[in-house]
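Beneath this line is the structure, given in structure tokens, with notes to follow.
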Amino acid sequence: MPAFSLEPAQTAWGAELRALAADRLRPLAEKGEPGHVNRPLVAELGRLGLPARLFTSGALDLCLMRESLAYACTEAETALALQGLGAHPVHAHGTPAQRERWLPEVADGTAVAAFALSEPGAGSDAAALSLRAEAGPADSARSATVAPAASLGASLGAESDGPARWRLTGEKCWISNAPEADFYTVFARTTPGAGARGVTAFLVPADRPGLTGTALDMLSPHPIGSLDFDAVPVTADDVLGEVDRGFRVAMSTLNLFRPSVGAFAVGMAQAALDATLDHTARRDAFGGTLRDLQTVAHQVAEMALRTEAARLMVYAAATAYDEGAPDVPRRAAMAKLLATETAQYVVDAAVQLHGARALRRGHLLEHLYREVRAPRIYEGASEIQRGIIAKELYSRLEDR
């Protein structure tokens, strides 16, 4: 299948998802409390079978899901994406016991996952992580906990067998779904001074002794918080993948999800474009409608051009991932960069063409204007994506 082509069944599925998002997910999203996990929304995603598809579908299907949901309900899109980001390392690198314990509850929407990579001093430079995984049991660990869902019970803090092999000490920051997630994929330094080669990924349930969290007041409808690790015990049973090879876990996860961040952005851009087409076709101005003004028509054409170009690059990157192409990091970086920058442009242009009404609280474009900014930062800021692209290009040159 060419990278730029969608099968009729895929197109129909996208339309079905947009309808479901508008009819069943948006009403739940509107009832949610900003800054908190919307568990009824997560549960409804589970009833629709969407989280389970995160573990059975490829990158292209993930992009289709995220674009379609984003078009009609950004909150539902983000809730699904965060489940995937936090749980994918368990699916791809976890032990049978880890997968059996957590993935069914993620799939049915009863457990909330989170991906804990960023730190106060290591956001874009993920290899500079300083959260320490110190070998050997500590003398003590204070027993403050982050409260998980009540249905999970209080037994998770002791679910790893044997004495602690490491104690996690340090801080994570800007973590989506923190401090309300039920478990975290946590990246910690097991070998000091080894850069990316000394990081290990751990599955850490939220009620481990010594783990506490604080909500951050962010421009975001979902929770974002910091996590404090005070000698949190972890064992070999909690390792995801291999010791000192956790950076591979992080990068493989990001290579899958970066194109789909672009799909999220494309969904928002398309929603803004469609709203602009409708508005400019009906709005009377200067003896006609806005669409009759050449400057407006050309602006709308530019918005459509950029949106479609971003969509094609996203689909191409996702298809490359599914086919195991060697240049996935470059394609994924290009897709995220182009799509998120495009969405920012399109939404801003849509606000300009709508005028003051678009800035009224509750307007679709007011909502999109707030939502569209963050994707240019998380999962690798635009500047980082440019660095990845350049590195990959020069690497190819050196290999000749």
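Since every read-out is calculated from the coordinates, none of them should be taken as a lab result. The model shown is predicted, which means the values in this text are computed figures rather than measured ones. As a convention, Cβ positions derive from the backbone with ideal geometry for all residues, glycine included, and neighbour counts pool all protein chains shown.
Details
- Distances between placed amide hydrogens fall under 5 Å for GLY213 paired with ASP228, all partners being 5 or more residues away or on another chain.
- Rounded to the nearest whole Hz, the Karplus-based 3J(HN,Hα) values (6.51 cos²θ - 1.76 cosθ + 1.60, θ = phi - 60°) of segment 266-282 follow the sequence 4, x, 5, 4, 5, 4, 5, 5, 5, 5, 6, 4, 5, 5, 6, 6, 9, with x at glycine and proline.
- Dipole axis of the chain (+1 Lys, Arg; -1 Asp, Glu on Cβ), positive-most option in LEU168, GLY241, THR276: THR276
- Given (1) 1.06; (2) 0.99; (3) 1.02, the label whose value is Rg/Rh (Cα atoms, Kirkwood Rh) derived from this model: (2)
- For LYS391, the lysines whose Cα falls under 30 Å of its own Cα, not counting residues fewer than eight places away in the same chain, are LYS172, LYS336.
- Cα gyration tensor, segment 177-267 - rounded (a/c under 1.5), prolate or oblate: oblate
- Segment ALA301-HIS363, extension gain: residue separation times 0.36 nm, minus the distance between their alpha carbons: 20.0 nm
- Separation in nanometres of the label points that stand 7 Å from Cα toward Cβ, at LEU6 and THR56: 2.1 nm
- Centre separation in Å (Cα based) which lies between segment 15-70 and segment 339-397: 21 Å
- The calculated 222 nm mean residue ellipticity attributable to helices in the chain amounts to -16500 deg cm²/dmol, summing -39500 (n - 2.57) over DSSP H runs of n ≥ 4 and dividing by all residues.
- Around the amide H of VAL243, modelled in the peptide plane, lies no amide H under 5 Å away from a residue 5 or more places distant or on another chain.
- Charge tally around ALA92: other residues with Cβ under 12 Å, Lys/Arg +1 each, Asp/Glu -1 each, net +2.
- Based on alpha carbons, the Rg and Dmax found for segment 248-400 are 17.8, 62 Å.
- Peptides ranked, highest mean first, by Cβ atoms within 10 Å: ranges 271-282, 330-341: 330-341, 271-282
- Derived from the Cα gyration tensor, the three semi-axes of the equivalent ellipsoid of segment 8-107 are 22, 18, 10 Å, largest first.
- For the pair segment 78-133 and segment 237-268, the centres of their Cα atoms are 9 angstrom apart.
- HN-Hα J in Hz across segment 389-400 - Karplus 6.51, -1.76, 1.60, θ = phi - 60°, x for Gly and Pro: 4, 4, 4, 5, 5, 5, 5, 5, 4, 6, 7, 6
- Phi-derived couplings, Karplus 6.51 cos²θ - 1.76 cosθ + 1.60 at θ = phi - 60°, listed residue by residue for segment 290-303: 4, 4, 6, 7, 4, 4, 6, 4, 5, 5, 5, 4, 5, 4 Hz, with x used for Gly and Pro.
- The label-point distance for LEU312 and ARG24, in a model that sets each label 7 Å from Cα toward Cβ, rounds to 3.5 nm.
- The charge dipole of the chain, taken about its Cα centre with unit charges on the Cβ atoms of Lys, Arg (+1), Asp and Glu (-1) only, comes to about 580 debye.
- Backbone amide hydrogens, once placed in the peptide plane, bring ALA113 within less than 5 Å of ASP182, excluding anything fewer than 5 places away on its chain.
- Sequence ranges 253-265, 10-22, 166-178, ranked by mean other-Cβ count within 10 angstrom, highest first: 253-265, 166-178, 10-22
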